[in-house]
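Comments concern the structure below.
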Amino acid sequence: WPSLPPQLMSPLSTAMARQPQKLDRNSVSMALGAAALRVTVAQGGFAFAAAPCSSAGHATAWHTQWSLQGSSTISARPGPSSMASASAASSGAAAVSCALVAAAACSRRGRSRGASTSTVLCPSAAPGRRVAAAVRATATAEARPTVAMLSGMRLSGVSLAAALEMQCAAAGADYAVSWVSVNGQLVVGSHYVKPAAQGKCAAFVKASESFQVPSDGCSGPLSTVYHLGQAICIQDAGSYKQLKRKDLAAEHGVKSICFAPCGGGVLEYGTTTVAWMETPPNCPVMPKGEIRKAFEDLGASYAMFWALQDGQFSVVADYTSESWAKDLLVSRGDDKTFCSESRGFKINVGGSEPIAETANLGIEVRVTVAESLTLQRKALAAEFGLKALHLMPVEGGVLECGISDQQLTGLTLQAALKMRCDSAGSCYAIYWTETDGMFSVAGAYVTPERRKALRAKGLTTDFADASKYLTISADGDALVSTCARHGTPTFVANAAATETFCRQALAGVYGIESIVCKPVKGGVLEFGTSSGPETATWPDMPPCPDLPKDEIKRALEDLGAAYVIFWQLRGDYYEVTAEFATPEHERAIWNRYGEEDTFASVSRMFALPADGDGYVATAARSGKSFILPNAMEEPSLKRQKLAQKFGIGEVYIVPGKDGVLEYGMATEIT
């Protein structure tokens, strides 16, 4: 079970650190937002059982044991379920409970640890819906402390899709829904339905999209989990009075539902086959941070969760990216994936296989498929064109992701190169791919400002152009090779003065200063600055946003988007830090207006308030994606007239890790 919300623990930890033997019941009950509070003194410690929401009547309890370590450190571990019975104290309603064991430091003060107990009941300490107020009151320093501290990081795009599908598999659920807060209402942000559970289950999820639940207070399981950050499991959804969709659940045969905090919102997953007897289901929680790292940082094509069962690791959940699944279908002619074929493998916990080593050592391990001697699935990995596996130890097991031979191409590659230069302030970008142990340039981009500066110096080519004629050994110590082999970014501050940099002479000729290499799907993305004023200056590794390349590919190649924009928070406003327009769209604008400006480039003139109610700001705050059917007819869009000029129709707003991605389709230029 998750621990008690840090916001609620703050006054308690302070009290226990200063006077652990004189805890104030009133301050404790207010901090917990308790309608009723039982205090028990035993074995030199204190136990609290509280009923936070007198109007909720939840079916199951949450509880946590706490102990004081040192002078002020609080640690948590699962508490005994017997404490749950102490929570129903007023109106006969609340069954949500918490058990708090605070080890009083009485022994350090010469007090005995007697076994006698005393109980005090404090009714109506914080009646009704004061829980939400208590949470907010104890965390005024953060804009959204509940989101940041309780629910972990926010997911979107392929990372969210992976988390939903994998949580379904791990829990044996038929569907998963991500609820996010938009303008004070919890609404459906994204969802997944297992292929075998289509029909009534899909209809239930579809109907749920029309529901909105106030995020303020504890009026039901959704808002309670959102505020308190603790999971709730409903064994019989069709008869649970506090569930607004109970009739819908009964109609579509949804038996049990679990609600858990997730990335600034609530993750709901449920079953239509058999009622869950455990609360919540005994399954690992998918590691959101590692899933995001896999797809957004490492450019992975899949993710698998290996759990330890009976002395062996086996796959309990997996996800294959939509783009790689499509590529495999075309190249293989069947629906098999590396994940589907890995499910039958068992790996001994004490062996030298990389999965076991990752779990035993507790460190991340990167495995080069061609060089590995202990990888059981080496032949299988080679069959599916995998270059490397990246393994991460997580709670409950090991998360594996893989780097395939799937490469960036076409418009996706053009956008990735240009937008990286935009966001990093670099003057060039190079995409390196490996074939037969050698890296070569598969694509390059040089900014117009850089071309102009070079022409002023009498140069007609750039560092990126000259690099196209070179190859780099994948086994060497070059910047590109090291980045690819270890799966981590590499950086050189002064390329022209670094003797170990294999292109040192070229860097000197073209005035290249700093260079960064980052692992991306299918290879390595290199980008750098010059000594001139046309680029940024990097004293060390620059903070570059992770551009969601899978979403960019979907936009440009699947949906036929005419432009892509990346919005980032700069102070109190969201501003465009990277943009791309397709050559076809640029030609249409030139033919109509005789100008080079596009909808994407002119959008740079706009600064969108971060606390406003616009689509970009709302998407960033809530984690919910938006689709505008026709931007030219959208009065709430500040750039409506701009959309009319450039013929922008359907627009997608997709929140991401480091900003918000926007892309749209062009209809006609009026």
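The values are calculated or read from the model by the stated rules, or taken from the named source; none is laboratory data. Everything numeric here is computed off the predicted structure, so don't read it as measured data. Quick reminder, even Gly has a Cβ in these numbers, built from the backbone with ideal geometry, and neighbours come from all protein chains shown. Ligands, DNA and RNA are stripped out before the accessible areas are found, and what is left, the full protein with its side chains, is counted by its heavy atoms. Shrake-Rupley method; radii C 1.70, N 1.55, O 1.52, S 1.80 Å.
What to note about this one:
- Segment 357-399 - percent of accessible surface contributed by carbon and sulfur, probe 1.4 Å: 53 percent
- Of the Cα atoms belonging to segment 338-497, the radius of gyration and Dmax stand at 19.5, 64 Å.
- Over segment 172-233, accessible surface divided per residue gives 32 Å², non-protein components excluded, 1.4 Å probe.
- For segment 481-582, the set of GluC sites (Glu not before Pro) satisfying both a DSSP loop assignment and a count of at most 10 other C-beta atoms within 10 Å is given as 499.
- Where segment 367-449 is the region considered: accessible area per residue in Å², 1.4 Å probe: 35 Å²
- Cleavage-rule hits (GluC sites (Glu not before Pro)) in segment 588-659: DSSP loop, at most 15 neighbouring Cβ within 10 angstrom: 595, 596
- Over 31 Å (Cα to Cα) - which of 521/641; 624/645; 288/326; 241/638; 326/657; 387/624 fall in this group: 521/641; 241/638; 387/624
- In summary, the convex hull built on the alpha carbon positions of segment 424-565 has an orientation-averaged projected area of 9.2 nm².
- Computed extension length for residue 573-residue 488: 27.5 nm, one decimal, from 0.36 nm per residue of separation with the Cα-Cα distance subtracted.
- Label-to-label distance, nm, for residues given as residue 207 and residue 364 (7 Å Cα→Cβ offset): 4.4 nm
- Segment 440-508 - percent of accessible surface contributed by carbon and sulfur, probe 1.4 Å: 54 percent
- Average accessible surface for segment 286-329: 31 Å² per residue, computed with a 1.4 Å probe over protein heavy atoms with every protein chain in place.
- Apportionment of accessible area to carbon and sulfur, segment 558-670, percent (1.4 Å): 47 percent
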